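See structure below.
The values are calculated or read from the model by the stated rules, or taken from the named source; none is laboratory data. Just so we're clear, the structure is a prediction, and the values are computed from it rather than from any experiment. Methodologically, a virtual Cβ is constructed for each residue, glycine included, from the backbone with ideal geometry; neighbour enumeration extends over all protein chains shown.
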Amino acid sequence: MPILQQTKSRRLFVRLAQFSAICCLFSSTLAGAATPQASCVATAPTEFALSRPAYQEKLAGFWLGLSIANWTGLVTEMDKIGGAGPAGRFYTRQDWGKADEPSIWGQGVPSDLSPTINWVLRGPDQVWGSDDDSDIEYIYLQLLLQNPNPLLTGAQIRAGWLAYIYRDDNTPHRTKDGKPENFLWVSNQQAFDLMQQGWLPPFTGLPPQNPHYDMIDAQLTTELFGALAPGRPDIAQQLAYLPIRTTASGEAADIAQFYVELHARAALFSPELVLDKSKLRAELLLIAAKARQTLPANQYPAKMYDFVLAQFQAGVPWEQARDALYRRYQLEQQDGYQISAKQLYCNGCFAAGINFAASLLSYFYGAGDMQDTIKIAVLAGWDSDNPAATWGGLYGLMLGADRVEQQFGQKLSRRFDIHRTRKGFANNGQTDFGTMAAQGIAVTDKVVTQLMQGRLSADKQCWLIPQPAAPVLTPVG
């Protein structure tokens, strides 16, 4: 597409995003959002209807899309973080399909997942393994399934973490250099250590006892809560409030909440909308503008959002926008983002902020196309598997599992091994996305009836959900 045409399109999308700030979530039909399934009809003007079987397909898509993007992103994880040496020479779009370069901890050896920067897919006879982008969410899904009340308590979260996560002294897993491996890092590990000492969330995510509260952890472990509250970001925020603050505080918690909100809003996108890339691009910008309003305007996440959006609006190529945000935040520490001043390992490459900014690059520049969005996330740098997994899950939720496969032109595995990283589950940890989606439907039943004050239709095929009284424009807590 010519640059002039791209710029005009972006300006149109931005105007739509600005217009969205004064529109209620369910009043706009511009892109087909919140369109009910044909067999599900609302019985009152104050509610909307949603097909439970159709939504189960969407939840299966969430897990499939997340897994594809997670494992593809692991190829480039921490290859490029800025600074001196090879890690400072960022990837560009021309690097897709070329040789993978070693990560900052790779000791000169590229990823063993793929020799090139390319899709990592699992065929029907293979199994997707859990990773830190999926395993904590799987634990939360099981806890929600086990407990009558969908609002988890700090004691329930602690009990679940202690039951399903290995300690260093009992894990059978080892790193390449022989050290114990329990697949927890930075804030997640600190929160887990605190739980073993008797601490409960949210205190496990607060400074000073958790000095890693501003790292990336919460934003890759809680998107599921948005998917469990379709069309009701206000309820999604309630569900995710304590799980987010199990490992995060301040701006890092706000960023995680932003992702949860996007998932709750995108969950209602109709099949007609999702298959029309032009309309989908516009609607993705609309819901992002609404989620942006939950970010405090005087803090760095909102300013990062505005900066990346302005780059996109101006027609700046995403690589140049990425380089600009690196200079602005990692080097110049503008907008109150002062991670570099802490002199952390890899200059805070795990931090919530810089990875949030990088994720927005792929969201804006890839909007409307699942593969383009994931590719940009994989190439953008820093903790690349995490933003990629977030958007893979979001697109999977919008598309459903069958349409995710259509995106890649092949049948893909629906099997999942939670015991790759965690322990204590039935069937030696072997499950599948269909089962996980059915479990999500059972949890959403609780959310609809208990928290939304909605109900199931007489034939149990539909949810009838009250619309929120007003747009959700302020953060919870």
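Can you find a residue that is among the aromatic types (Phe, Trp, Tyr) and surrounded by fewer than 18 Cβ atoms within 10 Å (Cβ to Cβ) anywhere in segment 391-402?
So far as segment 391-402 goes, no, none of its residues is among the aromatic types (Phe, Trp, Tyr) and surrounded by fewer than 18 Cβ atoms within 10 Å (Cβ to Cβ).
Within segment 301-331, how many residues turn out to be out of contact with any helix residue (DSSP H, G or I) (no Cβ under 6 Å at 6 or more places or on another chain), among the charged types (D, E, K, R) and under 21 Å from GLU251 (Cα atoms)?
Total meeting the criteria: 4.
Among (1) part of a helix (DSSP H, G or I); (2) under 19 Å from ASP306 (Cα atoms), where does ALA388 come up short?
(2)
Is segment 312-326 home to any residue that is over 19 Å from ILE81 (Cα atoms) and in a helix (DSSP H, G or I)?
Looking for residues that are over 19 Å from ILE81 (Cα atoms) and in a helix (DSSP H, G or I), one finds at least one in segment 312-326, hence yes.
Residue by residue through segment 141-182, note down the ones that are touching a helix residue (DSSP H, G or I) at 6+ places or on another chain (Cβ under 8 Å) and surrounded by fewer than 11 Cβ atoms within 10 Å (Cβ to Cβ).
PRO148
Among the residues of segment 367-385, is there at least one that is in contact (Cβ under 8 Å) with a residue 60 or more places away in the chain, in contact with a strand residue (DSSP E or B) (Cβ under 9 Å, 6 or more places away or on another chain) and either charged (D, E, K, R) or not in a strand (DSSP E or B) (or both)?
Checked against the condition, which is being in contact (Cβ under 8 Å) with a residue 60 or more places away in the chain, in contact with a strand residue (DSSP E or B) (Cβ under 9 Å, 6 or more places away or on another chain) and either charged (D, E, K, R) or not in a strand (DSSP E or B) (or both), segment 367-385 yields at least one hit.
Looking at this structure, is ARG11 charged (D, E, K, R) and modelled with pLDDT of 95 or more?
No; evaluated as a whole, the condition is false for this residue.
Counting only residues that are among the acidic types (Asp, Glu), surrounded by 24 or more Cβ atoms within 10 Å (Cβ to Cβ) and closer than 27 Å to ILE465 by Cα, how many does segment 213-242 have?
Applying the first criterion (among the acidic types (Asp, Glu)) to segment 213-242 yields 214, 217, 223, 234.
Of the ones still in play, those that are also surrounded by 24 or more Cβ atoms within 10 Å (Cβ to Cβ) are 214, 217, 223.
Cutting the leftovers down to closer than 27 Å to ILE465 by Cα gives us 223.
Of the residues in that region, 1 qualify.
Please go through segment 279-298 and pick out each residue that is over 24 Å from MET398 (Cβ atoms) and either under 21 Å from the mean Cα position of the chain (by Cα) or assigned to a helix (DSSP H, G or I) (or both).
Result: PRO296, single match.
Give segment 37-71 a look and list any residue that's touching a Leu at 6+ places or on another chain (Cβ under 8 Å) and of a type in the set (D, E, K, R), or say none.
Within segment 37-71, GLU47, ARG52, LYS58 qualify.
With the structure loaded, tell me whether GLN334 is buried (at least 20 other Cβ atoms within 10 Å of the Cβ), touching a helix residue (DSSP H, G or I) at 6+ places or on another chain (Cβ under 6 Å) and under 28 Å from THR92 (Cβ atoms) or whether it fails that test. Working first, answer last.
Details: buried (at least 20 other Cβ atoms within 10 Å of the Cβ): no; touching a helix residue (DSSP H, G or I) at 6+ places or on another chain (Cβ under 6 Å): yes; under 28 Å from THR92 (Cβ atoms): yes.
In short, no.
Hey, among ASN210, ASN118, ASN188, which residue is touching a helix residue (DSSP H, G or I) at 6+ places or on another chain (Cβ under 7 Å), surrounded by 15 or more Cβ atoms within 10 Å (Cβ to Cβ) and in a loop (DSSP other than H, G, I, E, B)?
ASN210
Can you tell me which residue among ASP125, ASP95 is within 30 Å of ASP402 (Cβ to Cβ) and at pLDDT 95 or above?
Criteria check complete, one pass: ASP125.
Name the pairs whose Cβ atoms lie under 7 Å apart, with the first residue in segment 113-127 and small (Gly, Ala, Ser), the second part of a loop (DSSP other than H, G, I, E, B) and surrounded by 15 or more Cβ atoms within 10 Å (Cβ to Cβ), and 6 or more positions between them or separate chains?
From residues that are small (Gly, Ala, Ser), the pairs are SER114/VAL75; SER114/ASP100; SER114/VAL120; GLY123/LEU412; GLY123/SER413.
Looking for whichever is more than 16 Å from TRP119 (Cβ to Cβ) and within 15 Å of the chain's Cα centre (by Cα) here; the options are ASN347, ASN355. Which one fits?
After ruling out the rest, the residue left standing is ASN355.
Only one of these is at pLDDT 95 or above and touching a Leu at 6+ places or on another chain (Cβ under 8 Å): LEU143, LEU184. Name it.
LEU143
Scanning for something more than 20 Å from THR294 (Cα to Cα) and among the charged types (D, E, K, R), does segment 193-208 turn up at least one residue?
Within segment 193-208, one or more residues are more than 20 Å from THR294 (Cα to Cα) and among the charged types (D, E, K, R).
Since VAL316 meets every condition but one in (1) over 23 Å from the mean Cα position of the chain (by Cα); (2) over 22 Å from LYS375 (Cα atoms), which condition does it not meet?
If we test VAL316 against (1) over 23 Å from the mean Cα position of the chain (by Cα); (2) over 22 Å from LYS375 (Cα atoms), just (2) comes out false.
I want to confirm something. Restricting to segment 51-106 and keeping residues that are in a helix (DSSP H, G or I) and basic (Lys, Arg), which single residue is surrounded by the most Cβ atoms within 10 Å (Cβ to Cβ)?
Once the filter is applied, the top-ranked residue is LYS58.
Report the residue count in segment 213-238 for those that are under 10 Å from the mean Cα position of the chain (by Cα) and not in a helix (DSSP H, G or I).
Selection size over segment 213-238: 3.
Could you tell me which of the residues PHE408, PHE416 is among the hydrophobic types (A, V, I, L, M, F, W, C) and within 19 Å of the chain's Cα centre (by Cα)?
Unique residue meeting the criteria: PHE416.
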